[in-house]
1. Would you mind listing the helices (runs of 4 or more DSSP H) fully within region 158-212 where at least 1 residues are within 20 Å of Ala85 (Cα to Cα) and either free of Cβ contacts under 8 Å to residues at least 24 places away in the same chain or under 15 Å from the mean Cα position of the chain (by Cα) (or both)?
2. Any residue in region 1-18 that is free of Cβ contacts under 8 Å to residues at least 40 places away in the same chain and surrounded by fewer than 24 Cβ atoms within 10 Å (Cβ to Cβ) sitting within a Cβ distance under 6 Å of a residue that is aliphatic (A, V, I, L, M) and in a strand (DSSP E or B)? List the pairs, counting only those 6 or more apart or interchain.
3. Can you find a residue that is touching a helix residue (DSSP H, G or I) at 6+ places or on another chain (Cβ under 8 Å) and among the polar types (S, T, N, Q) anywhere in region 18-33?
4. Scan region 229-238 and tell me whether some residue there is under 25 Å from Pro133 (Cα atoms), assigned to a loop (DSSP other than H, G, I, E, B) and polar (S, T, N, Q).
5. Sort through Ala211, Ala252, Ala229 and tell me the only one that's buried (at least 17 other Cβ atoms within 10 Å of the Cβ) and either hydrophobic (A, V, I, L, M, F, W, C) or closer than 29 Å to Met142 by Cβ (or both).
6. Considering only residues of region 213-228 that are part of a helix (DSSP H, G or I) and either charged (D, E, K, R) or in contact with an Asp or Glu (Cβ under 6 Å, 6 or more places away or on another chain) (or both), which is nearest to Ala85 (Cα to Cα)?
7. For residues that are over 19 Å from Ile183 (Cβ atoms) and either surrounded by fewer than 23 Cβ atoms within 10 Å (Cβ to Cβ) or not aliphatic (A, V, I, L, M) (or both), tally how many sit in region 52-108.
8. Going by what's in this entry, would Gly236 be described as modelled with pLDDT of 95 or more and surrounded by fewer than 20 Cβ atoms within 10 Å (Cβ to Cβ)?
Amino acid sequence: MNIQGQAALVTGGASGLGEATARELARLGAKVAVLDVNAALAEKVAAEIGGIACVCDITQADSVNAALDKAEAAHGPARILMNVAGIGSAKRIVGKDGNPAPLEDFTRVVNVNLIGAYNISRLYAARCAKLEPLEGGERGVMMFTASVAAFDGQVGQQAYSASKGGLVGMTLPMARDLAQHGIRVCTVAPGLFATPLLKELPEPVQQSLAASIPFPPRLGKPSEFAELACHIVTNGHLNGEVIRLDGALRMAPR
């Protein structure tokens, strides 16, 4: 699919990897809707890239449909969905006090990272399936953002790893399901990236994390994630695939 002129949705588009993806899509000529729970940041990014900001809680169908309606009114029907929104968590299943981890913490992470991603994807896909096909029968492309934690989860990452592993497991069946509608589905599993959240860590910790990456021995650049996300859109034979973007990193237990 040629990105130029297409309407695109980016969840979590107000910061980090989502912001980088929104900016790259806009640079390539897409009409970008920045979907995020942070209204102020979404407005800032959207203004800078000539897009539109849509406040959106991906776990709530009404919120998603309102965001999709607003984006469609401004840009037309979306053919590109970048699922980048997500939250993290680190809790041992049995704490130092001997108490079990709160179930609410596990539920919250899975609800946002996995169920929320599925929620917006099903609502987007239903709309996209009604569009006229492009050359080759393609109607749309969606991408999920997993993590290397889906494969190499560390101590305390049960909730995060389960949510990202769910996205990995959902990729192929969703691609098969949506093949009849000409909608491709891929997932990127990033490793350690220089996002605002990671940059809050002390510099020695950042350097230690970077040194753990075989090559190149540095943190990933958000622009590198964005470039791969956009390549998935333009490469018509990429479908049902999970791509690790990690510099050959394999996470240690802790």
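1. 158-178, 196-199
2. none
3. yes
4. Yes, region 229-238 has at least one match.
5. Ala229
6. Top of the filtered list is Ala226.
7. Looking only at that region, the number is 38.
8. So Gly236 passes the test.
The values are calculated or read from the model by the stated rules, or taken from the named source; none is laboratory data. Keep in mind that this is a model prediction, so the values were computed, not measured. Note: ideal-geometry Cβ built from the backbone for every residue, glycine included; neighbour counts use all protein chains shown.
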